[in-house]
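K.L.:
First the structure, which I've put down as structure tokens, then a few questions once you've had a look.
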Amino acid sequence: MEYLLKVQNVYRVETEKAALDLRDRLRKESNGTLTAFAYNVKYIKQKGEIIGEYYVCKATIEFNAEKECERHIEITYEDV
């Protein structure tokens, strides 16, 4: 039997507030435990000038402890 231990998802959001809202939503809604969350601002440059920005968020969600696997989790991805 295979057990999914954890996943790291990487998201792009447009604002810092959206990054913090994403963190809060993942804490509440995920089927596992949010064990790590980090975000970085990225700048969009044109001819040396900053013309925009966005944020890249990395979220780690744990489903099973490595030594004590209890749940069988299957992940599916679909376009929304």
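K.L.:
Restricting to the range 1-23, what's the tally of residues that are outside any strand (DSSP E or B), at pLDDT 95 or above and surrounded by fewer than 12 Cβ atoms within 10 Å (Cβ to Cβ)?
P.N.:
2
K.L.:
Does the range 36-48 include one or more residues that are more than 20 Å from the chain's Cα centre (by Cα) and of a type in the set (S, T, N, Q)?
P.N.:
yes
K.L.:
Looking at THR76, THR60 in this structure, which one is out of contact with any Lys or Arg (no Cβ under 8 Å at 6 or more places or on another chain), closer than 15 Å to LEU4 by Cβ and among the hydroxyl-bearing types (Ser, Thr, Tyr)? Steps first, please.
P.N.:
On the way: THR60 fails: out of contact with any Lys or Arg (no Cβ under 8 Å at 6 or more places or on another chain).
Unique residue meeting the criteria: THR76.
K.L.:
While we're looking at this one, here's another question. Restricting to the range 24-52, count the residues that are part of a loop (DSSP other than H, G, I, E, B) and surrounded by 13 or more Cβ atoms within 10 Å (Cβ to Cβ). Let's see the steps before the verdict.
P.N.:
First, pick out the residues of the range 24-52 that are part of a loop (DSSP other than H, G, I, E, B): 30-32, 47-48.
Filter once more, keeping what is surrounded by 13 or more Cβ atoms within 10 Å (Cβ to Cβ): 30, 32.
Total satisfying the criteria: 2.
K.L.:
Return the residues of the range 28-43 that are farther than 14 Å from LEU5 by Cβ and at pLDDT 95 or above; say none if nothing qualifies.
P.N.:
LEU34, PHE37, ALA38, TYR39, ASN40, VAL41, LYS42, TYR43
The values are calculated or read from the model by the stated rules, or taken from the named source; none is laboratory data. Every value quoted in this text rests on a predicted model; they were computed, and no experiment measured them. Cβ atoms come from the backbone with ideal geometry, glycine included; neighbour counts cover every protein chain shown.
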